[in-house]
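Chemist: Before anything else, here's the structure in question.
The values are calculated or read from the model by the stated rules, or taken from the named source; none is laboratory data. A quick note: this is a predicted structure, and the numbers were derived from the prediction, not measured. Quick reminder, even Gly has a Cβ in these numbers, built from the backbone with ideal geometry, and neighbours come from all protein chains shown.
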Amino acid sequence: MYGNFTIKQNPVILGIESSCDETAAAVIRGRTLLSSVIFSSAAEQAKYGGVVPEIASRAHTDAIDEAVKAALKKADIAFNDIDAVAVTYGAGLLGALLVGLSFAKALAYTLNVPLIAVNHIRGHLAAAYLCDSKLKPPYVTLLASGGHTAILHTKTYTEFEILGGTSDDAAGEAFDKVARILGLPYPGGPNVQKLAESGKAEIAFPRALVKNVSKMQFSYSGLKTAVINYCHNAEQKGEQVNRADVAASFQRAAIDPLVLKTVESAKMLGVKTVTAGGGVAANGYLRDSLTKACKEANIKLILPEKVYCTDNAAMIAAEGLIQYRAGNFAAMDINASASIPLK
């Protein structure tokens, strides 16, 4: 027992996620996903070209109760069946996080079950556990999201080493910025991919790779600037920019180094399994490229379904299970945090 709580091998965990513009709830029993519900305010946010924190917070307030009840109903689970409540406490939009965290605190207190505070980024890493019931460390993970880009060596369920990351922009952030350059609507990443499908990757943009360093380091600032300069120079000359070719060329330059270094890291460490997480891991070009590269290197690849790469509560519940088994429970006075370390 930990405190007044008895640790079960396959607990029923309710996961809650509200870090940005998705209000999500999910239920797992052990590593089996029973339900996952996502209510998104993306359509409303698109009117403003990006996420407006106040609008996101109001949307979470309106949707959180319905999302949780829908997840429980879909899982055929009653409130009293819940063994723990896992919730994102950071990183993200502070007001949005507070909605989910406050709801989770009240529910855990009422049910007298553990509250588990989850690092959103660790949630992205844990999504792979729901896709392969036999997955266990060690393995290498490519993390590529709007706020983080890193290659990680997961040594145990709770311990990992950062092998390398970005020295400036994250991959997802670069996708969003290029989307704006190309006049594409929010959300930027999926729209860049869609446009790239009809283009040719023939423009020689610099690859998002820092050379001559011992670690697996990336840089997206130069790539982003190269896209801006290419488009502006063409406009100044009165030339028409083939947006599809720009999108395809940018996508290749942004993603190829991620795939290359992820596989190189696994080979260097002698690790036979690779996973991926974060919103950029839903990109079709990345998924195809990583699948091909891992197959050629005789490395097992575990890719979460696309819906579990973007923000969702299933991944929060999955990380919650890891922390539950380790007895890492949160106090009721824990606060939300807009920024927290990756580790």
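Chemist: Of all the residues that make up the range 59-81, how many are at pLDDT 95 or above, more than 26 Å from residue 331 (Cβ to Cβ) and assigned to a helix (DSSP H, G or I)?
Modeler: Of the residues in the range 59-81, 8 are at pLDDT 95 or above, more than 26 Å from residue 331 (Cβ to Cβ) and assigned to a helix (DSSP H, G or I).
Conditions (1) out of contact with any helix residue (DSSP H, G or I) (no Cβ under 9 Å at 6 or more places or on another chain); (2) in the same structural domain as residue 50 (by TED's automatic domain parsing), marked per residue:
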| residue | (1), (2) |
| --- | --- |
| 115 | no, yes |
| 119 | no, yes |
| 144 | no, no |
| 161 | yes, no |
| 173 | no, no |
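Chemist: Tell me which residues, restricted to the range 3-48, are more than 19 Å from residue 73 (Cβ to Cβ) and surrounded by 24 or more Cβ atoms within 10 Å (Cβ to Cβ).
Modeler: 18, 19, 20, 21
Chemist: Residue under question is residue 291, and the condition is that it be touching a Phe, Trp or Tyr at 6+ places or on another chain (Cβ under 9 Å) and of a type outside the set (Lys, Arg); does it hold?
Modeler: No, not satisfied.
Chemist: Sticking with this one: Mind listing whichever residues of the range 257-302 are in contact with a Lys or Arg (Cβ under 6 Å, 6 or more places away or on another chain) and under 24 Å from residue 173 (Cα atoms)?
Modeler: Listed by number, the residues that qualify are 257, 282.
Chemist: Examine the range 246-269 for a residue that is over 23 Å from residue 121 (Cβ atoms), outside any helix (DSSP H, G or I) and in contact with a helix residue (DSSP H, G or I) (Cβ under 9 Å, 6 or more places away or on another chain), and state whether such a residue exists.
Modeler: So far as the range 246-269 goes, no, none of its residues is over 23 Å from residue 121 (Cβ atoms), outside any helix (DSSP H, G or I) and in contact with a helix residue (DSSP H, G or I) (Cβ under 9 Å, 6 or more places away or on another chain).
Chemist: Kindly list the number of the only condition in (1) within 23 Å of residue 11 (Cβ to Cβ); (2) surrounded by 17 or more Cβ atoms within 10 Å (Cβ to Cβ); (3) hydrophobic (A, V, I, L, M, F, W, C) that fails for residue 79.
Modeler: Checking residue 79 against (1) within 23 Å of residue 11 (Cβ to Cβ); (2) surrounded by 17 or more Cβ atoms within 10 Å (Cβ to Cβ); (3) hydrophobic (A, V, I, L, M, F, W, C), the one that fails is (2).
Chemist: Considering only the range 19-56, state which residues are hydroxyl-bearing (Ser, Thr, Tyr), modelled with pLDDT of 95 or more and not in a strand (DSSP E or B).
Modeler: Matches in the range 19-56: 19 only.
Chemist: Oh, and also: State all residues of the range 314-341 that are closer than 17 Å to residue 17 by Cα and aliphatic (A, V, I, L, M); if no residue qualifies, say none.
Modeler: Result: 314, 315, 316, 317, 318, 321, 322, 330, 334, 336, 338, 340.
Chemist: For the range 82-98, give me the residue count where each residue is assigned to a helix (DSSP H, G or I) and surrounded by 24 or more Cβ atoms within 10 Å (Cβ to Cβ). Let's see the steps before the verdict.
Modeler: At the first step, the residues of the range 82-98 found to be assigned to a helix (DSSP H, G or I) are 94-98.
If we keep only those that are surrounded by 24 or more Cβ atoms within 10 Å (Cβ to Cβ) too, we end up with 96-97.
Matching residues across the range 82-98 total 2.
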